[in-house]
Amino acid sequence: MVPPWGSPAAHGAVPGRVVVLGGGVVGAACAWRLAGRGHRVVLVDPVPGGGASRAAAGMLAPVSELHHGERELLELGLLAAAGFPRYVADVERAAGGAPTGYRACGTLVVALDAGDRARLADVRRAQERLGLDVRALTGRECRRLEPLLDPGVSGGTLVRGDHQVDPRELLRALRAAARDRGVEHVAETGEVLVEDGRASGVRLAGGAVLRADLVVLATGARAHPHAPVRPVKGQVLRLRMPPAGHLLTRTVRGVVRDRDVYLVPRRSGELVVGATTEERGFDEAVTAGAVHDLLRDAQALVPGVAELELVEVLARSRPGSPDNLPLIGFGEVPGLLLATGHHRNGVLLSGITADAVAALAAGEDVPPEVAACDPGRFGSRTAAREEVRAR
Ligand code: GLY
C-alpha cells in the first residue's frame with residue numbers, strides 16, 4: 001500500500017527521515033516518540049524550550065480549566081491526564097532517571113468575595129453535570145487544607161484529579177531521552193520547504209536544506225502559513241519559598257474579584273504565579289501593570305506571598321487555535337504533520353500529541369479524542385489525510 005504521506009521509507013515499520021520543527025515540550029516529545037519508532041529524527045530550534053514551555057506553570061488541569069462549550073477539549077484533557085503518570089514514567093526511564101517534577105497533589109480552587117463564590121458555584125454545577133470529581137468547600141474547609149490562605153477566602157472547590165508537573169524538568173528529561181534515541185538537534189530557525197505541492201524538508205535560516213520524508217510542525221505561537229494559530233500572551237512570575245515552610249501544599253487557583261490567578265508550588269521551593277491572557281499579537285514584553293495585578297491577586301489569597309523573593313518575570317505566547325482545540329494531524333500540505341495550537345494545555349497534551357504523531361506517521365488510528373483535533377476541521381482536506389482515513 002502507498003503510505004499516507006507518500007514515502008515508503010518513512011512509513012510504519014520502514015523508518016524514514018523526519019524533521020521536527022520546534023523544540024518545546026510538544027516538539028521534543030514528538031521527536032522522542034518518533035525516534036522510538038525507528039525514524040531518523042532531526043529537531044530544529046534555535047532555543048529549544050525558549051517559547052511557551054519556558055513560561056508554562058505545568059498545571060495538568062482539565063477539570064479546573066473547564067470552559068463552557070469546550071467538551072472536546074475536556075475529553076482530550078482527561079485522556080491526557082489519565083495517561084500522564086505512564087508518560088512521565090516512560091520519559092524518566094528513557095532519560096536515565098532524570099526527574100520531571102510530576103506531583104499528584106490535586107488542586108484547590110478558591111473564591112474571595114460573594115461574586116467570586118457565585119462564579120465558582122456556576123462552574124462547579126457544570127463540572128458536576130459532566131460527572132467530574134469536584135467537591136464544594138466552605139472557606140474554613142479551604143483553610144483546613146491550606147492554612148496560609150487569607151481569612152477572606154470564602155469558599156472553594158477541591159479538584160482531586162488536577163495535578164502538576166515541572167515543565168522545565170520535563171523538557172530536560174525529554175531532551176535527554178531524545179538524545180539517547182539518536183535525535184539530532186540543529187540550533188537554527190527553519191521553514192517548511194514545499195516542492196511540487198508537498199513538504200520535502202526544512203530550509204534552515206543559514207540556507208542549508210534538511211530533506212525529510214515527513215516534517216512535523218511544532219512551532220507553537222509563531223505565525224505560520226500552514227497552521228491557523230494566533231499568539232495569546234501570558235505573563236507569569238516565579239517566586240522562591242523558604243526551604244523550611246512552603247506556603248502551599250497543592251496548586252491553588254483563585255477567583256479574586258472576578259479575575260483569575262493561580263499559584264503552583266513546587267517541591268523545589270519555586271512558586272509560579274500566573275497568568276495574564278492577552279490577545280495582542282506576538283509580544284514578549286513584561287509590563288509593570290501585569291506584575292502588579294498578579295502579585296496583588298496572589299497576595300489577596302495568600303498574604304505570605306509578599307515576603308517571597310521574586311526570582312523571574314516572563315512573558316510568552318500560547319499558541320491559540322480558532323476553537324482552542326489543538327491541531328494534531330495532517331494539514332493542507334502532504335508530508336506535513338501539525339502538532340501545534342495547544343493554547344493553555346501544551347504541557348498536559350504533550351504526551352498524547354507525541355503518541356498521536358508517531359501513530360499518524362505510521363498510518364495508525366488515533367483515539368477519537370485526538371481525531372477531533374484533525375486540522376481539516378478548519379478547511380480543505382488533503383489527499384494525504386483522505387488516504388489515512390480510507391485505510
Ligand atoms: N494553563 C495555564 C495558562 O495557560 O496560563
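The values are calculated or read from the model by the stated rules, or taken from the named source; none is laboratory data. Remember, it's a predicted structure, so these values are computed and weren't measured experimentally. Note that we place each Cβ from the backbone using ideal geometry, even for glycine, and neighbour counts take in every protein chain shown.
Going through (1) more than 16 Å from the ligand (Cβ to nearest atom); (2) over 20 Å from residue 134 (Cβ atoms) one by one, residue 25 falls short only on (1). Which of the residues belonging to segment 39-62 are farther than 26 Å from residue 359 by Cα, in contact (Cβ under 8 Å) with a residue 40 or more places away in the chain and either more than 16 Å from the ligand (Cβ to nearest atom) or over 17 Å from the mean Cα position of the chain (by Cα) (or both)? Selection gives 46, 47. Only a single item in (1) acidic (Asp, Glu); (2) away from the ligand (no atom under 16 Å from the Cβ); (3) within 25 Å of the chain's Cα centre (by Cα) is not met by residue 278, and it is number (2).
Can you tell me which residue among 308, 337 is crowded, with 18+ Cβ neighbours inside 10 Å, more than 16 Å from the ligand (Cβ to nearest atom) and either within 17 Å of residue 20 (Cα to Cα) or at pLDDT below 95 (or both)? That would be 337, the only listed residue that is crowded, with 18+ Cβ neighbours inside 10 Å, more than 16 Å from the ligand (Cβ to nearest atom) and either within 17 Å of residue 20 (Cα to Cα) or at pLDDT below 95 (or both). When residue 314 is tested against (1) closer than 20 Å to residue 370 by Cβ; (2) within 15 Å of the ligand (Cβ to nearest atom), only condition (1) is not met. Residues in segment 83-118 that are in a helix (DSSP H, G or I) and among the β-branched types (Val, Ile, Thr) were compared, and the one that is farthest from the ligand (Cβ to nearest atom) is 91.
A Cβ distance below 6 Å, combined with a sequence gap of six or more or placement on separate chains, defines the contacts here; from segment 339-355, residues that are polar (S, T, N, Q) reach residues that are more than 16 Å from the ligand (Cβ to nearest atom) and modelled with pLDDT under 95 in the pairs 340/227. The residue that is surrounded by the fewest Cβ atoms within 10 Å (Cβ to Cβ), counting only those in segment 179-198 that are within 13 Å of residue 44 (Cβ to Cβ) and of a type outside the set (Val, Ile, Thr), is 187.
Okay, residues lined up against (1) within 16 Å of the ligand (Cβ to nearest atom); (2) more than 25 Å from residue 367 (Cα to Cα); (3) assigned to a loop (DSSP other than H, G, I, E, B):
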position: 64; (1), (2), (3): yes, no, yes
position: 69; (1), (2), (3): no, no, yes
position: 73; (1), (2), (3): yes, no, no
position: 81; (1), (2), (3): yes, no, no
position: 125; (1), (2), (3): no, yes, no
position: 137; (1), (2), (3): no, yes, no
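Among the strands (runs of 3 or more DSSP E) confined to segment 152-240, there are none with at least 3 residues that are more than 17 Å from residue 34 (Cβ to Cβ) and touching a Pro at 6+ places or on another chain (Cβ under 6 Å).
For segment 317-332, the criterion of being modelled with pLDDT under 95 and within 13 Å of the ligand (Cβ to nearest atom) is met by at least one residue. Residues of segment 213-238 that are away from the ligand (no atom under 16 Å from the Cβ) and among the hydrophobic types (A, V, I, L, M, F, W, C): 214, 215, 216, 217, 218, 223, 227.
Take the conditions at pLDDT 95 or above and more than 16 Å from the ligand (Cβ to nearest atom) and apply them to residue 348. Does it pass? No: the conditions fail for residue 348. Scanning segment 291-300 for residues that are within 27 Å of residue 62 (Cβ to Cβ) and within 16 Å of the ligand (Cβ to nearest atom), we see that the one that is surrounded by the most Cβ atoms within 10 Å (Cβ to Cβ) is 298.
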